[in-house]
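The values are calculated or read from the model by the stated rules, or taken from the named source; none is laboratory data. The structure presented is a predicted model; accordingly, all values stated were derived computationally and were not measured. In this analysis, Cβ positions are derived from the backbone assuming ideal geometry, glycine residues included, and neighbour counts consider all displayed protein chains. Only protein heavy atoms, including side chains, enter the accessible area calculation; ligands, DNA and RNA are left aside. Shrake-Rupley method; radii C 1.70, N 1.55, O 1.52, S 1.80 Å.
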Amino acid sequence: MKRLFLELWENFKEYIVLVVLIVASLLALTFNENIAVQKVRAAAFGSFAGVTSVVSDLISIAKIKSENTRLSEVNAELMLQVNMLRQYGIENRALKELLNFKDSSDYPLIPAIIVAKSLTRAQNTFTLNVGSKNNVSRGMPVINDEGLVGIIHSVSEDFSIVRTLKNQELKLTVKDERSRIDAVMKWNGENLVMINVPKTHDVEPGDRIITSELSSIVPVPIPVGVVLKLTDVERGIFNEVKVKPFVDFMRIQHVFVLGIVESRQKNNLELNFYNRD
Amino acid sequence: MRTDYIYSIILFFPLLIIQTTIVPLVAIDGAVPDLILIMLVFYTIRNGQVYGTVLGFIYGFIFDLITGSFLGSTMLSKTLAGFLAGYFYNENRLESNFKSLVFSLIVLLCASVDSVIYTFITQIDSSSSLFSLLIEQGMIPGIYTALLSFVVVIFYPQRSIN
């Protein structure tokens, strides 16, 4: 019997190894949401990101001059906007006081630097240099000056992984800023699309898309992108709306984690689609 | 053989740092060259099919764990890529494989298969067409990776083969 096994191994060892490793890989696919696996993953990327952050810092230094010029321009534009918003703010506060309106809370911004990017067609992820030590937790939105970048997926002590909008695992409720139409948006591997939008709904190319207050992941309005075109116009009762994200995922280096502290009471009342431990 | 595994795994980490920090700067429409696959093909052609299959599995496992990819997706695609590259292992033709376009062609084939399998696993619910799957998501990253593999062909020292 032993000889038979040895003969089999000698003749077919390549295929035996292949089959065993394929089975192991397929088994691993089923363990993604396992808590133990997530802990191991957090420890692994936490250790590795420490090294990549050094390399990333060196790259950042090289890019800092052009980034400064761009930021100066953004600053000037923002200064004008802030002036205008300040006026609105004063009016708004006065009106709220008149109505005895419950004030909305401020959202703390945690500055972060992208220390590593894993770019694949279906699963773009970024590693940030902030973690649980900086009060970052799973499910927090990540933004930059252009709009929504993604959602925190895993957190270690000093680092965290973001699932960007270009990740198939991330689905968001968004809305058309002009017509206030809500829809689910996802990455289909090629484009960012709003799916199952009824043809009777008013969505047009050029409309700005923002996150919807219906979203249990990002409950504040954050710019996401602009409608490029409608597809599947000829058949069916639904349109698929292609969206061009505001964020340039190739160029992006500096981001902010939106430290949203959720209302447990609100979450318990609503159906929450995203488990944040 | 064991020492070879250790070297190839140690070398994997600096390459992964480059892959996740510098390579994204040269992305073209979201397609990036896969340095890890080039190294996998390189070691497989030197050490054989079983070695390549196991190394592909290890590379994929570490990659999935560190980058936050869907655990098992890169493991499967790199295992199959390593197995495929192993068909080109020939002790008597090592030099010709590394000092000619053959190496880049092997990389092209393996990178395309790797990309297609990876895309297929991660986009199993996608409405993408088969054409898009094979050409846009398989061949284009494959060609980009193969172009980069010319560096190995150009700079590979002849002595180290012997």
**Request:** Mind listing the long-range amide H neighbours of A:Asp207? Cut-off is under 5 Å, sequence gap 5 or more, other chains count too, H placed in the peptide plane at 1.01 Å from N.
**Result:** A:Val227
**Item:** Per-selection metrics, segment A:107-260 (Cα): Rg and Dmax in Å
**Value:** 15.4, 52
**Request:** Starting from the Cα of A:Lys229, draw a straight line to each of the lysines and keep only those under 16 Å, dropping any in the same chain fewer than 8 residues away.
**Result:** A:Lys175, A:Lys186, A:Lys199, A:Lys242, A:Lys244
**Asked** When N is the residue count of chain B, what does its C-alpha Rg come to as a fraction of 2.2 N^0.38 Å?
**Response** 0.99
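Given a 1.4 Å probe and no ligands, DNA or RNA in the count, how much accessible surface is buried by A and B, both sides, to the nearest 100 Å²? If you can, show how the numbers build up before the last one.
Working: alone 18020 and 8970 Å², together 23020 Å².
Result for this pair: about 4000 Å² buried.
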**Message:** Could you report segment A:126-166's accessible area per residue, 1.4 Å probe, as an integer in Å²?
**Reply:** 28 Å²
**Message:** With 32 Å as the cut-off, how large is the P(r) tail for the protein assembly as shown, expressed as percent of Cα-Cα pairs?
**Reply:** 44 percent
**Asked** Got a number for the accessible area of A:Leu228? Probe 1.4 Å, square angstrom, nearest 10.
**Response** 90 Å²
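Size of the dipole of the protein assembly as shown about the Cα centre, Lys and Arg at +1 and Asp and Glu at -1 on the beta carbon, nothing else charged, in debye to 20? All intermediate terms of the calculation are to be shown ahead of the outcome.
Values: 39 positive and 41 negative charges, 131 e Å.
The dipole of the protein assembly as shown has a size of about 620 debye.
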**With every protein chain in place, the protein assembly as shown: carbon and sulfur % of accessible area (1.4 Å)** = 62 percent
**Complete:** Length-normalised contact order of chain B, Cα under 8 Å, at least 6 apart, in percent, tallies to 23 percent
**Asked** Treating the beta-carbon of each Lys and Arg as +1 and of each Asp and Glu as -1, no other charges, what is the dipole magnitude of segment A:107-260 about its Cα centre, to the nearest 20 debye?
**Response** 240 debye
**Fill in**
Using the Cα gyration tensor of segment A:149-220, the equivalent ellipsoid's semi-axes, largest first and to the nearest Å, work out to 26, 13, 9
**Complete:** HN-Hα couplings for segment A:23-31 via Karplus (6.51, -1.76, 1.60; θ = phi - 60°), in whole Hz with x for Gly/Pro, come out as 4, 4, 5, 5, 5, 4, 4, 8, 9
**Asked** Once the principal axes of the Cα atoms of segment A:119-179 are found, what is the range along each, listed largest first in whole angstroms?
**Response** 42, 25, 19
**Request:** Set the Förster distance to 30 Å, then compute FRET efficiency between A:Arg208 and A:Thr30 from the Cβ-Cβ distance, nearest 0.05.
**Result:** 0.15
**Complete:** With DSSP loop assignment and no more than 11 other C-beta atoms within 10 Å, the trypsin sites (Lys or Arg not before Pro) in segment A:102-174 are A:Lys102
**Request:** Over segment A:107-260, calculate the relative contact order: mean separation of alpha carbon pairs under 8 Å at least 6 apart, over the residue count, as a percent.
**Result:** 26 percent
**Request:** Kindly write out, for segment A:201-215 in residue order, the coupling ³J(HN,Hα) from the Karplus curve 6.51 cos²θ - 1.76 cosθ + 1.60 (θ = phi - 60°), rounded to whole Hz, with x marking Gly and Pro.
**Result:** 6, 8, 10, 10, x, x, 5, 7, 10, 10, 6, 8, 5, 6, 5
**Asked** What are the trypsin sites (Lys or Arg not before Pro) within segment A:1-64 that DSSP puts in a loop, where the Cβ has at most 11 other Cβ atoms within 10 Å?
**Response** none
**Prompt:** Under a straight-distance cross-link criterion of Cα-Cα below 19 Å, which aspartates and glutamates are reachable from A:Lys133, leaving out those fewer than 8 residues away in the same chain?
**Reply:** A:Glu157, A:Asp158, A:Glu262, A:Asp277
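Can you give the relative contact order of chain A as a percent, counting alpha carbon pairs under 8 Å and 6+ residues apart? Please list the in-between numbers first.
Values: 460 pairs, mean separation 44.3, N = 277.
Relative CO of chain A lands at 16 percent.
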**Fill in**
Among B:Ile143, B:Ile117, B:Ile28, the residue with the largest mean-square fluctuation in a Gaussian network model of chain B built from Cα contacts under 10 Å is B:Ile28
